[in-house]
1. Share of Cα-Cα pairs in the range A:3-224 beyond 27 Å, in percent?
2. Over the range A:3-224, what is the mean sequence separation of C-alpha contacts under 8 Å (at least six apart), divided by residue count, expressed as relative contact order in percent?
3. Mind putting a number on the dipole of chain B about its Cα centre? Charges go on the C-beta only, +1 for Lys and Arg and -1 for Asp and Glu, and I need it in Debye to the nearest 20.
4. With θ taken as phi - 60° and the coefficients 6.51, -1.76 and 1.60, list the Karplus ³J(HN,Hα) couplings across the range A:321-326 in order, rounded to whole Hz; mark glycine and proline as x.
5. Restrict the search to the range A:256-292; then list the GluC sites (Glu not before Pro) that DSSP places in a loop and that have at most 13 other Cβ atoms within 10 Å of their Cβ.
6. Run the helix sum for the protein assembly as shown: -39,500 (n - 2.57) per DSSP H stretch of 4+ residues, divided by residue count, reported at 222 nm to the nearest 500 deg cm²/dmol.
7. Would you mind checking which residues have amide H under 5 Å from residue B:69's amide H? H placed 1.01 Å from N; only 5 or more apart, or other chain.
8. Enumerate by residue number the trypsin sites (Lys or Arg not before Pro) in the range A:247-331 meeting two conditions: DSSP loop (anything except H, G, I, E, B), and at most 16 other Cβ atoms within 10 Å of the site's Cβ.
Amino acid sequence: MDMVEAIDQAKTWVQELCDRWGPRVDYLAIRLEQSEGTDIFLRGGQAETLSEAIAIGGHVRACYRGGWGFASFNDLESLAPCVEAAVAAARLVGHDETLLAPVDPIQITRQLPLTGTNPRQISLARKKALCNHYADLLQGIDHRIATTSVRYNDVAQRVLLATSEGTLIDQAWSDMEMRFAATARDGDTVQTGRETTGSRKAYEDLENLDDQVMGAAQRAVAALDLPSVRGAAYDVVIDPILTGLFVHEAFGHLSEADMAYENPDLLESMSLGRRFGPDSLQIFDGAAPQGHRGSYFYDDEGTPATTTQLIENGVLVGRLHSRETAGKLGEQPTGNARCLNYHYSPLVRMTNTWIERGTTPVDDLFADIKEGVYARNWLEGMTNGEMFTFTAGEAWMIRNGKLAEPVRDVTLSGNVFRTLADIEAIGDDFYWDESGGCGKGGQNGLPVGCGGPSLRIRNVVVGGEAEAEYE
Amino acid sequence: MSDSSVNQGRILRNLMRLMDVTCGRSLYEVLPRGVQVWLPEQGKGVYPDLLVVAGEPLLHDGQDDKLLNPCVIFEILSGPTPSYNPEASTLPDSSGMFRRCRAIPYLQTYLFVHQTEARVEQFYRAEENLWGMTTQSGLDSVVELAITDARLPMMDIYERVDFSLLV
């Protein structure tokens with residue numbers, strides 16, 4: 001019996017199990033998952049990973065008087081004992097009240113539409129050839145390229161979700177991602193350039209990336225000879241990719257209601273109605289807009305995808321919920337409960353997160369800046385609650401309103417609340433960055449989309465890399 | 001850490017003991033100071049105070065003094081360092097070694113252990129190029145490592161450490 005048949009046949013069975021065991025608890029959900037994927041990793045042009053994998057598994061979640069039981073399995077034979085175990089565990093720990101925001105039960109089958117070729121129909125050899133092609137491009141840029149890496153993965157997932165409330169959702173999608181890095185070295189100076197892209201639409205989205213890929217290696221080589229920026233507080237202009245990173249990493253995670261619910265200080269900071277930014281600032285998250293890495297029809301609790309406005313005219317108006325956080329905070333569920341795979345329970349996660357396009361022509365963002373920094377793309381970042389530090393992928397000085405000399409080692413640091421308040425102008429451009437893999441609670445690499453326009457922000461702490469000597 | 005203070009030695013001994021108890025007979029292996037972690041892209045190595053390897057050690061060109069795959073690194077800070085301040089406008093990045101080690105693809109967690117106060121800052125890899133950070137301070141708290149499932153009570157990390165000693 002192949003897996004498609006296995007899931008098809010399991011449909012009736014999981015419903016029967018929900019009917020039989022559901023009355024013993026307040027809520028019971030069975031999630032079955034099958035996935036097929038490819039993983040390729042080339043370092044220095046040599047294949048370190050080359051694999052095709054097929055997996056089937058599932059998990060059971062039961063809630064009884066506010067207590068949760070969870071059990072996961074990787075063969076369908078274990079399904080019934082896992083239901084029993086999860087129900088028993090929930091009954092053991094539940095001593096309070098189950099508060100799950102209601103959603104309408106639904107029975108539906110949906111497939112996220114592809115606009116081009118399904119990556120599962122492309123041979124492993126052709127995917128590897130594509131990786132080799134990009135690795136050659138990276139290596140060929142300059143003799144100072146010390147090493148390169150190219151990573152490819154795709155996965156086709158089908159998820160069946162049945163609940164004791166009568167929901168039965170059969171949902172499927174394909175997701176793919178490629179990551180490129182080149183490191184250039186000249187004596188003791190080491191510089192890296194990176195590019196990442198992804199798609200839920202077509203294998204063709206990963207082809208014809210030559211210019212983008214070469215750009216990563218060119219930036220690494222060019223940076224070898226650039227001066228470090230002088231550390232100071234500057235007015236900065238950031239490109240849409242950095243805007244997307246900022247809105248996701250610095251702001252978005254604080255909008256996840258489970259973070260706030262567990263941290264009273266954060267819940268206080270994130271009070272609805274509080275002003276965070278200028279009138280022109282609009283921030284959204286939602287899986288409902290189609291065609292991005294964080295797009296889907298239903299989340300892993302069966303809540304329909306929505307678009308949630310988080311900031312309206314500079315004021316906090318919403319946050320992201322699972323059914324439980326919405327129930328506990330008396331708000332509407334937003335369809336943001338997601339799990340990486342069947343090994344994990346769903347958490348409140350972002351989907352596609354974006355700052356809406358503004359009205360300032362991009363060139364005007366630079367006007368009047370006597371001495372500032374223009375930063376594009378990013379290499380790495382660190383966050384700690386409301387604090388963030390991001391390293392720009394490339395940067396230039398702005399002098400007297402014009403782009404001036406390129407500089408390197410540009411890190412942008414700040415407090416997210418202060419930085420949102422310091423947004424001075426919002427560009428009239430917009431770009432969806434489909435590269436995002438989000439990490440939370442050990443569930444790393446969850447596909448997300450990030451979008452935004454260029455932004456002008458005043459008084460950002462820019463660190464030149466005061467390179468510490470070798471210990 | 002080259003010339004160690006007595007307190008650094010105590011912290012190192014305590015960490016070694018704690019980590020070895022947690023990691024013994026698991027897939028993780030704890031290695032003490034002296035093992036060189038090789039950074040091939042930089043053509044140099046570093047010498048962490050304590051490190052953990054998952055599975056078998058990977059060696060650069062088969063050379064057994066050039067380890068490539070630490071998943072956890074501990075750095076015992078040698079002197080008083082600017083404390084993390086939630087009001088400050090930047091995150092601490094007090095070590096050149098951490099900056100260099102962030103390029104190690106296997107590295108999941110990097111810990112700074114202070115010796116002048118009971119304080120541990122843990123950076124964990126949340127995404128490929130994005131690090132999150134948690135801080136534990138005070139002898140009553142517990143450091144939970146992002147991997148290896150180790151729980152390190154601060155009381156045990158700082159056992160016999162005398163904070164009144166001058167650094």
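Computed from the coordinates by the stated procedures, all read-outs in this text should not be read as laboratory data. Remember, it's a predicted structure, so these values are computed and weren't measured experimentally. Because the Cβ atoms are built from the backbone with ideal geometry, glycine has one as well, and the counts that use them run over all protein chains shown.
1. Counting every Cα pair in the range A:3-224, those more than 27 Å apart make up 51 percent.
2. Here the relative contact order equals 21 percent.
3. Using Cβ point charges on Lys, Arg, Asp and Glu, chain B gives about 180 debye.
4. 10, 9, 5, 6, 5, 5
5. Counting only loop positions with at most 13 other Cβ atoms within 10 Å, the GluC sites (Glu not before Pro) in the range A:256-292 are A:262.
6. Per the formula, -6000 deg cm²/dmol.
7. B:58
8. Listed in order of number, the matching sites are A:274.
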